[in-house]
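Working notes for the structure below.
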Amino acid sequence: QQQVKQSPQSLIVQKGGISIINCAYENTAFDYFPWYQQFPGKGPALLIAIRPDVSEKKEGRFTISFNKSAKQFSLHIMDSQPGDSATYFCAAIMGGGADGLTFGKGTHLIIQP
Amino acid sequence: NAGVTQTPKFRVLKTGQSMTLLCAQDMNHEYMYWYRQDPGMGLRLIHYSVGEGTTAKGEVPDGYNVSRLKKQNFLLGLESAAPSQTSVYFCASSYTLNDPRTGQPQHFGDGTRLSIL
């Protein structure tokens, strides 16, 4: 049973456009939702994260929108740049984090110049 | 400050061989994790540890063993390697999320690419 579903699997966006990646979760015990960015040959690195008591969080060009009732959250990348081309993972974690992250399957994002 | 260091970076094994992957962190984190990443599957948790001397099973633990004899090190062992264990293995570490020092939930190493023939 996949607890975090991510879409789309791949995404191509023109430079300057908005990239949108969506995730849905099933376990209501999740209480922390990070997004990770991964470049080829590297480990995932935290991009931005949100707790369910907040509906939106913005850091620079990156915004998380969170809908607790629908159990959905999304990542928006404004003014997408070629350097944003990477694989993005949404994830969820519960409690103090001891049980590890549950990841979505990832979105391969390509920003065309 | 190196963060999370994984060794080796690459390895090729024959079916049935055994090996140990080493993860070391210098951030004094309590929690450590081993994940595997396969194409189209995201990252899946193999085993984790919430402190020195403790380990627990994750989502896909079969065929692997772990040990955490020192707080800074977390070892992942393959007892008898199988082609299905061909993957990229990532180690991560963190404080508990309830710790005010937490800057991010988990810091990841750059992975060990393991091929089993």
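The values are calculated or read from the model by the stated rules, or taken from the named source; none is laboratory data. Source: prediction; values computed, not measured. Note that each Cβ is placed from the backbone with ideal geometry, even for glycine, and that neighbours are counted across all protein chains shown. Side chains included, ligands, DNA and RNA excluded: accessible areas come from the protein's heavy atoms. Shrake-Rupley method; radii C 1.70, N 1.55, O 1.52, S 1.80 Å.
Restricting attention to region A:75-104, the residues being in contact with a Ser or Thr (Cβ under 6 Å, 6 or more places away or on another chain), more than 12 Å from every other protein chain (Cβ to nearest Cβ), part of a strand (DSSP E or B) and crowded, with 18+ Cβ neighbours inside 10 Å number 1.
Selection of region A:8-24 for residues being surrounded by 16 or more Cβ atoms within 10 Å (Cβ to Cβ), in contact (Cβ under 8 Å) with a residue 60 or more places away in the chain and under 12 Å from the mean Cα position of the chain (by Cα) yields A:Ser19, A:Ile21, A:Cys23.
Scanning region A:1-58 for residues that are within 15 Å of A:Gly83 (Cα to Cα) and among the hydrophobic types (A, V, I, L, M, F, W, C) gives A:Leu11, A:Ile12, A:Val13, A:Ile18, A:Phe39, A:Ala45, A:Leu47.
For (1) within 11 Å of the chain's Cα centre (by Cα); (2) closer than 25 Å to B:Thr86 by Cβ, each residue gets a yes or a no:
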{"site": "B:Pro8", "(1), (2)": "no, yes"}
{"site": "B:Ser18", "(1), (2)": "no, yes"}
{"site": "B:Leu22", "(1), (2)": "yes, yes"}
{"site": "B:Met27", "(1), (2)": "no, no"}
{"site": "B:Met32", "(1), (2)": "yes, yes"}
{"site": "B:Arg36", "(1), (2)": "yes, yes"}
{"site": "B:Pro39", "(1), (2)": "no, yes"}
{"site": "B:Gly51", "(1), (2)": "no, no"}
{"site": "B:Ala56", "(1), (2)": "no, yes"}
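One line per residue, one yes/no per condition, for (1) within 28 Å of A:Pro8 (Cβ to Cβ); (2) modelled with pLDDT under 95:
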{"site": "B:Arg44", "(1), (2)": "yes, yes"}
{"site": "B:Val50", "(1), (2)": "no, yes"}
{"site": "B:Val66", "(1), (2)": "no, no"}
{"site": "B:Ser93", "(1), (2)": "no, yes"}
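Filtered by the rule that a residue be of a type in the set (Val, Ile, Thr), at pLDDT 95 or above and not in a strand (DSSP E or B), region A:1-40 gives a lone residue, A:Ile18.
The set of residues in region A:43-70 that are surrounded by 18 or more Cβ atoms within 10 Å (Cβ to Cβ) and part of a loop (DSSP other than H, G, I, E, B) comprises A:Gly43, A:Pro44.
For region B:19-53, the set of residues classified as at the interface with another protein chain (Cβ under 10 Å from one of its Cβ atoms) and outside any strand (DSSP E or B) consists of B:Glu30, B:Pro39, B:Gly40, B:Met41, B:Val50, B:Gly51, listed by residue number.
As a summary of the residue check, A:Ile111 satisfies the conditions (1) in contact with a strand residue (DSSP E or B) (Cβ under 7 Å, 6 or more places away or on another chain); (2) within 29 Å of B:His47 (Cα to Cα) except for the one numbered (2). The one condition from (1) open to solvent by 60 Å² or more (accessible area, probe 1.4 Å); (2) away from chain B (no Cβ under 14 Å) that A:His108 does not meet is (2). Modelled with pLDDT of 95 or more and either surrounded by fewer than 18 Cβ atoms within 10 Å (Cβ to Cβ) or closer than 26 Å to A:Gln9 by Cα (or both), is that true of B:Gln6? When the stated conditions are applied, B:Gln6 does not pass them. Against the condition β-branched (Val, Ile, Thr), within 11 Å of chain B (Cβ to nearest Cβ) and in contact with a Leu (Cβ under 8 Å, 6 or more places away or on another chain), how does A:Thr63 come out, does it pass? When the stated conditions are applied, A:Thr63 does not pass them.
Within region A:82-103, the set of residues being closer than 19 Å to A:Leu46 by Cβ and at pLDDT 95 or above comprises A:Gly83, A:Asp84, A:Ser85, A:Ala86, A:Thr87, A:Tyr88, A:Phe89, A:Cys90.
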